[in-house]
Amino acid sequence: MFESGGNPKGIMTIVAPDDGDYLQSHVRGLKKNLSNSESPSVGPSVGCSQEVSLTPQRKESSAKRLQAVTDQGFHPAAVPDSITELPFRKFASPIAALPVFPQFTQIKAGIHYELALQRARRVVRERQEEESARREAECQAAEQGEWRGQEEDPVFLAGPSGPTHVEKLFDALDRNTLVTQVLIGNNVISATGARRVPRFIAEHPDRFETWYLAGNHLCPPGFKLLVDAMVKSPRITNIWLKQNPLTPDSVDNIVRLITQTPNLRTLDLQNTELGDEGVDVPLRHFYLSANGVGQKAAAGIAAYLAHPACKLESLYIAANPIGDAGAVPLADALKSNSSLLRFNMSSTGLTSTGASALCTPLGTHPRIMSVELGVANTTKPFGQRYNHIDDRAIPHLIALIQHPPMRHLDLGRTALSAASLEAIMAAVAASNLCEFQAHRRRKHNHVKRPSLLPLRCALEANVKRFFPEEESYESFSEGLGARFLYSSEDLRLTDSTSARRTTAI
């Protein structure tokens, strides 16, 4: 650390770290150098092409340059690039530091000399890096051209793939008839992309089936342009819009997208800031996790689930402030629903009361095969509450486990007692489940853990029975077999590193 306040001579003071080890190590190192420098010069060292024994002229020049830099507080404008030519202490005669720090002893002056030189070199290096970045940005701007959306939709544009590249991308795709899935998530296409993509869809309405547009800073005005084009396409079946700031201002356009897109099967709206405005949509796979969906929106979802025309197969509403109060209308709606296959309410603040209310109709549902009441990855980042399921829910959980269509159940971290967890595992071993996750939140060393072998054998047997094409339980659990239990097969159309990472929300 360098301090310069109150010194009439402008001499910099260097303060070593509090523990003193740093200063002592420098003193020891310098003493070693001094002991090895009895002769007038030292042999050349690797990495230093300078003369080690400075001539009087070079010594004086070096001292003046470093003294000028320290006097001006290492201001970038005062540090010349030539400062990097000065030798470090280990390559220079210790006497070279004395003109710069005459108030110190030879050893201490050497330490101050090296620290000052390190700081000066760092200033030069940072200046060169800034200049290099500036030149690179100028070249990139010349290649991309001005981003026309910046004034109406300002975003940070740093990075190799600027927003105007989306125009070049779709210009190149104009004559390509082989590509049917567009995966351009996390590219910040924003207003520029929100104009170019609709134009492409309007020109080629029969071209693309899947649009993965997650994390592209699509705002309500741009989203409206997308919807205007997408509702006229007979080919589009899957649209992924997670992590775009659509906000409640887009609700009307979302309803229009869902009700007017002829063959839409999957719509992903996770983390799009929709809020608690209520949702009433005819769809097969609906991703609404991490959206601030509360009791009001839960009531809207429930109304649609109970509608005779409902065809919804997958509903993901994890990491939302729904709670037991929001679970009640959903449970009532599930009593009359016959389409649902997958249901995810992880990290929605449920207690055993809400979990039991949901498990009761799900335990008699004609099609349900996957239920998730565990922990969502986005619980902490979005300030949501974990589910708290204890022994009171045991009868309802066992009824759900024993329900013949069930293949996957995730309870995550529970507050179950050891005896209750053992009862759950016994029920799983006698069920049709192929995937099961649950463990106790509190562990006691004096409680003997039940054997997992019977449970594993039962799950393996069920995989062989229901998925005979799988080579082993491991290939099922780690492959598409288990994945398609809790996700629709449309997810495969977005299978990329970026898509897999953001889908985990």
Would you call residue 166 at pLDDT 90 or above, under 15 Å from residue 229 (Cβ atoms) and surrounded by 13 or more Cβ atoms within 10 Å (Cβ to Cβ)?
no
Name the single residue, out of those in segment 453-505 being buried (at least 18 other Cβ atoms within 10 Å of the Cβ) and at pLDDT below 65, that is farthest from the chain's Cα centre (by Cα).
493
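Take residue 373 and tell me if it is surrounded by 20 or more Cβ atoms within 10 Å (Cβ to Cβ) and closer than 21 Å to residue 488 by Cβ.
Values: surrounded by 20 or more Cβ atoms within 10 Å (Cβ to Cβ): yes; closer than 21 Å to residue 488 by Cβ: yes.
Spelling it out, residue 373 is indeed surrounded by 20 or more Cβ atoms within 10 Å (Cβ to Cβ) and closer than 21 Å to residue 488 by Cβ.
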Criterion first (assigned by TED's automatic domain parsing to the domain that holds residue 427, part of a loop (DSSP other than H, G, I, E, B), at pLDDT below 95 and over 25 Å from residue 245 (Cα atoms)) does residue 309 satisfy it?
yes
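To keep it simple, each residue is scored yes or no on (1) in the same structural domain as residue 488 (by TED's automatic domain parsing); (2) under 28 Å from the mean Cα position of the chain (by Cα); (3) surrounded by 22 or more Cβ atoms within 10 Å (Cβ to Cβ); (4) of a type in the set (Asp, Glu).
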{"residue": "288", "(1), (2), (3), (4)": "yes, yes, yes, no"}
{"residue": "294", "(1), (2), (3), (4)": "yes, yes, no, no"}
{"residue": "299", "(1), (2), (3), (4)": "yes, no, no, no"}
{"residue": "303", "(1), (2), (3), (4)": "yes, no, no, no"}
{"residue": "321", "(1), (2), (3), (4)": "yes, yes, no, no"}
{"residue": "358", "(1), (2), (3), (4)": "yes, no, yes, no"}
{"residue": "368", "(1), (2), (3), (4)": "yes, no, yes, no"}
Can you tell me how many residues in segment 331-389 are acidic (Asp, Glu) and either out of contact with any strand residue (DSSP E or B) (no Cβ under 7 Å at 6 or more places or on another chain) or in a loop (DSSP other than H, G, I, E, B) (or both)?
1
Residues 222, 215: which one is in contact (Cβ under 8 Å) with a residue 40 or more places away in the chain, surrounded by 22 or more Cβ atoms within 10 Å (Cβ to Cβ) and touching a Ser or Thr at 6+ places or on another chain (Cβ under 8 Å)?
222
Note on segment 376-394: residues farther than 17 Å from residue 293 by Cβ, without any contact (Cβ under 8 Å) to a residue 40 or more places away in the chain and more than 16 Å from the chain's Cα centre (by Cα) are 388, 389, 390, 391, 394
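The values are calculated or read from the model by the stated rules, or taken from the named source; none is laboratory data. As the structure is a computational prediction, the values presented were derived from the model and not from experiment. We place every Cβ from the backbone using ideal geometry, glycine too, and count neighbours over all the protein chains shown.
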